[in-house]
Number of protein chains: 2
Amino acid sequence: MNGVSNAIGGRVTIRDVAAAAGVSVTTVSDALNDKGKLRAETRARIQRIARELGYRPSRVAQAFRQGRTGTIALVLPNVGGPADELEMISLDFYMSVAAGAARAAFREGYAVTLTPRISTAEEWHLIGPDGVVLCDPLSADSRIDMLEEMGIPVVSIERDPARPGSPYYASGDNAQNIRDLLDHMHQAGARRIALLSAEATWAWVLDGEHAYRAWCAERGLPPLVVPVSLDRLEADSYRATCALLDGDEPPDGIIASAEQYSEGSTRACRERGIRIPDDLLLAVGMDSRFAQQCDPPITAIDLRPADQATAAVDLLLKRLSGEQVDGPAIVPSKLHIRGSTQRGPAPFSDTATDDGHSRRRDPADAWPMTPP
Amino acid sequence: MNGVSNAIGGRVTIRDVAAAAGVSVTTVSDALNDKGKLRAETRARIQRIARELGYRPSRVAQAFRQGRTGTIALVLPNVGGPADELEMISLDFYMSVAAGAARAAFREGYAVTLTPRISTAEEWHLIGPDGVVLCDPLSADSRIDMLEEMGIPVVSIERDPARPGSPYYASGDNAQNIRDLLDHMHQAGARRIALLSAEATWAWVLDGEHAYRAWCAERGLPPLVVPVSLDRLEADSYRATCALLDGDEPPDGIIASAEQYSEGSTRACRERGIRIPDDLLLAVGMDSRFAQQCDPPITAIDLRPADQATAAVDLLLKRLSGEQVDGPAIVPSKLHIRGSTQRGPAPFSDTATDDGHSRRRDPADAWPMTPP
DNA sequence: CTGAAAGCGCTTACAG
DNA sequence: CTGAAAGCGCTTACAG
């Protein structure tokens, strides 16, 4: 006999249900898990009794029995490191990813574990997830190799550039997004569009640069790619923008690839009295509250981070269940055209964002005009 | 015999260790868990053998046996809801909280589960955490009652105003923070300081307002509390600031209680050509990248969110282990004095942030001057 | 100081 | 169509 039971709070077990129904635990288990061996009538009766008794299967017992943990680990870049070094390329993006992943996983009976910055297999064993959703893999990301070798499947948000052909990622259509944005800015009159690109091997950076160069070549326009460090996002994009603006042939359009780059660019323009959009069109490759709330609001690509997270979780769960994986999942993005790329009167520029995603504002707030 | 084993990958179990050491599993368990019944020599030998064999205890088996899950749920306001409605009072704050919690929990062998927006006990049962860290409880927050009734202990970040005397929270010293900030602004010359306060029952709002009024009364200064809705953070703080600035007696200082309020205030000032800090001192009650990177950078209270999260997790784990809880945990905050409240030459205003928490910039970036 | 055994709640191969 | 039994890996009360 075991004096200490974990039936704390008088948990109703499968055994209790079996006794109440006058059947065996096997039958209860089958009835509850829709194994097709029972008469529909028996099944219904057992399910009713289980409900009446307030039976809830123990998730940990199930997980234990099945040799899994029911857990998906979410790895965000730079989260969980020393708190004082929390520096992400876009808080908005990752927060939405986290929310979307938590939601999608919960629907399927999984929990999302927030992974602190860990590196060793040892530490990963302590976390012990069934699978991992990894944001922004580096090129040939070693974490993916390590985890897969441990038997822990990984699905990434954004692809690993050094894994061509891998179906295990969700992503936006980075090349098309940049093309759409360039087309829009070109149409709005820009002829020298610079790209503030991140010094990183992330796929969205490489894809964006590649698409940008191709687009410029097609139109015979000069490619102006300015690599910006990841170390000091705002400061370096500020500096890069200053260099552009103070150069011999300043651009008439700037695409800042990341949220914080747009902040640096905005600052540089403001300092010089360069008006947006009158003197320069500004757009950003990743939507954010900053872009939405800036004055004027900045045209941005909404990558639908929550949708990407949902798609990544779905792919991962398919891998876990051994199903055919129909990846990669290319999630449609949405270009929000805002004041920063629209010259002349355009009272309600943000109407493209009638999807509820934009900030709820009334028109009076949607179009803050420049100071008198 | 069970054809399907969960010893996938040939897991080394406690049984294997026992066999290799020539002892019983009981002895192995005791040796590994430092139960004081073994000879030190035996213990060391078993631990060595376990290491050599690459034994790792199964966390889910342990959890199962002990009737727990090894999981702490983190509840952030408004995360996990419909992705399109992700609107938090401060992304920076909660992202740091999440990172800090994940880290602190991991150290103690717990995992942090990101909780989607759920409401019913039914849903909580599916998550099944051992305990919950709840951010920003409302007054008499019903989630706390529900969870505690379910036997799931809760520790909050910020206190529940309607639970006086509860030791189960971590928080900054909200009243003292506001006083410090007011003292600083007063010293910098402000005599009519307005407070943009949130329309909410959160403790930090109530404490801040109360401290503000007391401080004003002590100095015979007029209290200017402007309640701002939580619904449309930026837009409403913009409007509130406009009303203040356009009124008969405009303030000479503004404290925006939340990150996004500072964004609205900044916009309102910019539109009117009101210069910060020359015409108006501006400060914000919660530090953020926006505050750090604004032009000029905005004086802000750094609430040390990761430290608060760590403190909350520690309190929760003490509750779980039945230890005496020495809560509440009042975590020291830090006032970062920046350009928005410093008139005249102050080349390196942000030196108070020499703790590595501020953005790594060199001096040239630290003090962006207004445009020529 | 150490071991044999029970049992946490569940699922599954197998026998009827 | 249903049941008896084994067993996932671990911890613990109890007996020696």
Using a label point 7 Å beyond Cα on the Cα-Cβ vector, give me the inter-copy distances for B:ARG11 in nanometres, one decimal, shortest first. 1.7
Length-normalised contact order for chain B - Cα pairs under 8 Å, 6+ apart - percent: 15
Rounded to a whole number, the mean other protein chain Cβ count within 10 angstrom for residues of B:164-177 is 0
Tell me, A:ARG15, A:ARG68 in order of fewest to most beta-carbon neighbours within 10 Å? A:ARG15, A:ARG68
Tell me, rounded to the nearest percent, the portion of alpha carbon pairs in the protein assembly as shown spaced more than 33 Å apart. 55
Exposure proxy check on A:SER265, B:SER237, B:SER58, A:SER24: fewest-to-most Cβ neighbours within 10 Å is A:SER24, B:SER58, B:SER237, A:SER265
Length gain on complete extension for the stretch A:LYS37 to A:ARG11, per 0.36 nm per residue less the alpha carbon to alpha carbon distance? 6.7 nm
Would you calculate the separation in nanometres between label points at A:SER229 and B:ASP180, each defined as 7 Å from the Cα along the Cα-to-beta-carbon direction? 3.0
Per-residue ellipticity at 222 nm for chain A, helices alone: DSSP H runs ≥ 4 residues times -39500 (n - 2.57), over residue total, nearest 500 deg cm²/dmol? -12500 deg cm²/dmol
Give me, ordered by chain and number, the residues 5 or more places off B:ILE157 or on other chains with an amide H under 5 Å from its own placed amide H. B:LEU134, B:CYS135, B:ASP136, B:ALA170
Using packing as a proxy for protection, rank A:94-105, B:324-335, A:131-142 so that the peptide with the highest average count of other Cβ atoms within 10 Å comes first. A:94-105, A:131-142, B:324-335
Using modelled amide H (1.01 Å from N, peptide plane; none on Pro or chain starts), what sits under 5 Å from the amide H of B:LEU195, excluding residues fewer than 5 places away? B:LEU224, B:VAL225, B:VAL226, B:ILE255
Provide the net charge surrounding A:ASP141, with neighbours chosen by a C-beta distance below 14 Å and charges set as Lys +1, Arg +1, Asp -1, Glu -1. -3
Loop only by DSSP, 13 or fewer other Cβ within 10 Å of the Cβ. Give me the trypsin sites (Lys or Arg not before Pro) in segment A:238-279 that pass, ordered by residue number. A:ARG275
Fraction of beta bridges assigned by DSSP in the protein assembly as shown that are antiparallel (%, nearest 5): 10
Shortest-first distances to equivalent copies, position B:LYS37, nm, label 7 Å out along Cβ: 3.9
The rounded separation in angstrom of the Cα centers of segment A:134-204 and segment B:155-196 is 43
Give the average, rounded to an integer, of partner chain Cβ atoms located within 10 angstrom of each Cβ in A:68-75. 3
Sticking with the crude label model, points 7 Å out along Cα→Cβ, report the distance from B:GLU149 to A:ARG107 in nm, one decimal please. 3.0
If r is the Cβ-Cβ distance from B:ARG65 to B:HIS210 and R0 is 30 Å, what FRET efficiency results, to the nearest 0.05? 0.05
Protection proxy ranking of A:166-174, B:299-307, B:160-168 - average other beta-carbon atoms within 10 Å, highest first: B:299-307, A:166-174, B:160-168
Treat the count of other C-beta atoms within 10 Å as a stand-in for reagent exposure and order B:TRP202, A:TRP204 from fewest to most. B:TRP202, A:TRP204
How many nanometers, to one decimal and shortest first, lie between the label point of B:GLU323 and those of its other copies, if labels sit 7 Å from Cα toward Cβ? 4.4
Can you pull the mean other chain C-beta count within 10 Å for peptide B:92-99? 6
Could you tell me the center-to-center distance, by alpha carbons, between segment B:233-274 and segment A:56-72 in angstrom? 52
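Every number here is computed from the coordinates shown, using simple stated rules; none is lab data. From a predicted model like this one, the values you see are computed outputs, not experimental measurements. Glycine also receives a Cβ, built like all others from the backbone with ideal geometry; neighbour counts cover every protein chain displayed.
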